[in-house]
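One structure is given here, and the rest of the page talks about it.
The values are calculated or read from the model by the stated rules, or taken from the named source; none is laboratory data. In this text the structure is predicted, and so the values were computed from the model without any measurement. We place every Cβ from the backbone using ideal geometry, glycine too, and count neighbours over all the protein chains shown. Surface accessibility is based on the protein's heavy atoms, side chains included, excluding ligands, DNA and RNA. Shrake-Rupley method; radii C 1.70, N 1.55, O 1.52, S 1.80 Å.
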Amino acid sequence: QVQLVESGGGSVQAGGSLRLSCEASGIADTDTCMGWFRQSPGKEREGVAAIYHDGGSRWYSDSAQGRFTISQDNAKNAVSLEMNSLKPEDTAMYYCTAAPCIEWVGPPHDHSHLPWGQGTQVSVSS
């Protein structure tokens with residue numbers, strides 16, 4: 001079974017930076033991507049960034065593009081998300097998961113069936 005642990009969240013002012021980390025185990029061959037979702041009160045959980053298992057191909061949401069960078073560690077079972085130029089609208093609980101890449105690049109749908117860690121809170125004040 002997939003197990004995930006997110007860390008690195010915190011409270012920062014607009015324009016600041018944070019680096020989130022995710023450690024995973026029990027990843028299946030069908031979990032071709034690892035990456036991040038976020039959810040804020042009143043909104044659906046949305047994809048933020050994902051990285052393909054080859055460690056090269058990456059996907060970002062329009063909001064994250066140009067500000068966030070997802071990377072894979074040397075063990076290939078952990079990913080990080082460097083978040084720069086943070087904005088108040090980035091405030092959310094951030095979750096990591098390993099899943100088929102379509103969970104990020106496909107049409108909007110319910111992601112609640114995916115494995116999740118405890119999440120890490122990111123709060124950006126203006």
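The number of residues in region 117-126 that are crowded, with 16+ Cβ neighbours inside 10 Å and part of a loop (DSSP other than H, G, I, E, B) comes to 2. If we keep just the residues of region 53-82 that are touching a Ser or Thr at 6+ places or on another chain (Cβ under 6 Å) and open to solvent by less than 60 Å² (accessible area, probe 1.4 Å), which is farthest from Val124 (Cα to Cα)? Per the stated criteria, the residue is Ser71. Only residues that are in a loop (DSSP other than H, G, I, E, B) and either in contact with a Gly (Cβ under 7 Å, 6 or more places away or on another chain) or open to solvent by 80 Å² or more (accessible area, probe 1.4 Å) (or both) were counted across region 1-14, and they come to 2. Being closer than 15 Å to Thr32 by Cα, open to solvent by 40 Å² or more (accessible area, probe 1.4 Å) and in a loop (DSSP other than H, G, I, E, B) is the filter here; which residues of region 83-106 pass it? Listed by number, the list holds a single entry, Pro100. All conditions in (1) under 14 Å from Val122 (Cβ atoms); (2) part of a strand (DSSP E or B) hold for Gly35, with the sole exception of (1). Could you tell me whether any residue of region 113-120 is among the hydrophobic types (A, V, I, L, M, F, W, C) and closer than 14 Å to Ala24 by Cα? Checking region 113-120: at least one residue is among the hydrophobic types (A, V, I, L, M, F, W, C) and closer than 14 Å to Ala24 by Cα.
The single condition among (1) assigned to a strand (DSSP E or B); (2) under 18 Å from Glu103 (Cα atoms); (3) hydroxyl-bearing (Ser, Thr, Tyr) that Ser63 does not satisfy is (1).
Inspection of region 15-36 identifies at least one residue that is open to solvent by less than 50 Å² (accessible area, probe 1.4 Å), over 20 Å from Trp116 (Cα atoms) and touching a residue at least 40 places away in the same chain (Cβ under 8 Å).
Looking only at region 38-52, residues that are open to solvent by 40 Å² or more (accessible area, probe 1.4 Å) and either assigned to a strand (DSSP E or B) or at negative phi (or both) come to 7 in all.
In region 79-99, what residues are more than 14 Å from the chain's Cα centre (by Cα) and either among the small types (Gly, Ala, Ser) or over 15 Å from Gly10 (Cα atoms) (or both)? Selection gives Ser85 alone.
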